[in-house]
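Bear in mind these aren't lab numbers, they're just calculated from the coordinates by the rules spelled out. Note that the structure is a prediction, hence the values are computed from the model and not measured. Here the Cβ is made from the backbone with ideal geometry for all residues, glycine too, and neighbour counts use every protein chain on show.
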Amino acid sequence: MIKLHDKTFKPYLGEEQILAAVKKMAAEIAKDYKDKTPIFVGVLNGAFMFVSDFLKVYQHPCEVSFVRLSSYHGLTSTGIVETLLDVPENIDGRSVVILEDVIDTGRTLKQLVHLFSQTNVKEFKIASLFYKSEAYSGEYAIDYVGLEIPNDFIVGYGLDYKELGRNLREVYQLNQSNMINLVLFGKPGAGKGTQAGFLKEKYNLKHISTGDVFRYNMKNGTELGKLAKSYIDQGDLVPDEVTIDMLKDEVEKNPDAAGFIFDGFPRTAAQAEALDNFLESKDMQINATIALEADDDILVARLLERGKESGRSDDQDEDKIRNRFDEYNLKTAPLKSFYEKQGKFHTVNGIGEIDEITTRLGKVIDSL
Ligand code: AMP
């Protein structure tokens, strides 16, 4: 295990494995280009080590050059791609093979394709040492791939975490085992959102409220928002397929989170199963499910009060509120035994002053 800045990383690919992939690529490319004197264009900074090892095993006439784009800041792709070092000169009529260290979402690749489409090169091909096929959403088919890898954050062999780790000879993967992932459980109005707001500050966690994500989408009139509205207005649950996919997207958007607070998710057995499977695939897990308990009549009064201020359609009348409680009793309450079986279920009295309740929750989290 190694530490870079605030994160730990565990060994993932050894030097031999990487060099074998580089050799395999060189052989494949040589088959197509050995008589064409291609220009290999490395994408800085990440590809420098790959380009170097690649050229050592590509023993045919060739030239080498570099471009530099920027899209990563920390662990998340910002989506902004700038050109910092432009395409080489005198590439008219030439065969270009772009050498990338890793392709994930495909945003940088799109920019590269755009850059080279504007030139008069004879042809250009893309070769990437690592390829995260699960994350890739681009249209361009990648011509040569060294190794397909899962959608996890990696460093080493030219790749960095906030500029550190580029000089490692092996590739390491982000270690997720010191994450804290919590599910806040409880009926509408139990105070999950309010408490999540305090806990996320205290424990440096990312708060995901599925209700908030739906409301954001409704406000912005997205397809997802339009679809969810009819259910939410009635106090019914939005279908599982929709909610589960949305939740996964929210988690994927935050690869650098120190942990998550899931608020309002899972609400059905299918969602709980899907969450466990999804987290396991990312080497993550739920550490605790904490239920905030309060009496129905108190909750109805709280929600009607909140509805006056927020204007939320589902907080306006008692029938819709009672329907949400019915949905909870029928579909969500059974999850208690799901988490009890895993030894992860905790209850906290949700009646009292807000800071008292935060303290009660903190005690549970600190005991984990
Ligand atoms: P909330 O803000 O958590 O009370 O959620 C408001 C509404 O959004 C709920 O009454 C549901 O209609 C919908 N919703 C939120 N989370 C989920 C979920 N996990 N599954 C299905 N529907 C949900």
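Here are some notes:
- Over segment 103-202, relative contact order from alpha-carbon pairs under 8 Å, at least 6 apart, %: 18 percent
- Ordered by the number of other Cβ atoms lying within 10 Å of each residue's own Cβ, fewest first, Val145, Val57 fall into the sequence Val57, Val145.
- Helices in the chain, meaning DSSP H runs of at least 4 residues, each add -39500 (n - 2.57). Divided by all residues, the mean residue ellipticity at 222 nm is -12500 deg cm²/dmol.
- Segment Lys336..His114, full-extension length gain: 74.7 nm, with 0.36 nm per residue of separation and the alpha-carbon distance subtracted.
- Isotropically averaged projected area of segment 222-368, using the convex hull of Cα atoms (one quarter of hull area), nm²: 9.8 nm²
- Computed over the alpha-carbon pairs of segment 18-74, the distance histogram in 5 Å steps reads 4, 18, 28, 23, 15, 7, 3, 1, 0 percent, short to long.
- Cα long-axis angle, helix 269-281 against the chain (0 to 90 degrees, to the nearest 10): 30 degrees
- Alpha-carbon centroids, segment 138-194 and segment 348-368: separation in whole Å: 30 Å
- Selection from Gln176, Asn217, Ile286, by position along the positive dipole direction of the chain (Cβ): Gln176
- Length-normalised contact order of the chain in % [C-alpha pairs under 8 Å, at least 6 apart]: 15 percent
- Reciprocal mean inverse distance between Cα atoms of segment 98-161 - Kirkwood radius, Å: 12.3 Å
- Percent of C-alpha pairs per 10 Å bin in segment 93-236, short distances first: 9, 23, 24, 24, 15, 5, 1.
- Between Glu273 and Glu305, the C-beta separation translates, for a Förster distance of 41 Å, into a calculated FRET efficiency of about 0.70.
- Charge dipole of the chain about the Cα centre (unit charges at C-beta), most positive-ward option of Ile126, Ser367, Leu44: Leu44
- Isotropically averaged projected area of the chain, using the convex hull of Cα atoms (one quarter of hull area), nm²: 20.6 nm²
- Under 11 Å from the Asn175 label point (7 Å along Cα→beta-carbon), backbone N, segment 1-18: 1-4, 7-11
- Per-residue extension of 0.36 nm, minus the Cα-Cα distance of Asn90 and Asp245, leaves a gain of 51.1 nm for this segment.
- Across segment 149-157, computed HN-Hα scalar couplings (Karplus, 6.51 cos²θ - 1.76 cosθ + 1.60, θ = phi - 60°) run 10, x, 7, 10, 6, 10, 9, x, 6 Hz from first to last residue, x flagging Gly and Pro.
- Pairs exceeding 29 Å between alpha-carbon atoms, taken from Lys125/Lys206; Lys226/Lys363; Lys3/Lys253; Lys122/Lys162; Lys219/Lys341: Lys125/Lys206; Lys226/Lys363; Lys122/Lys162; Lys219/Lys341.
- Calculated FRET efficiency for the pair Lys24/Asn151, C-beta based, R₀ 22 Å, to 0.05: 0.50
- Every Cα-Cα pair in segment 236-305 was counted, and those over 18 Å apart are 48% of them.
- Förster radius 22 Å - calculated FRET efficiency between Glu63 and Glu15, Cβ distance, rounded to 0.05: 0.20
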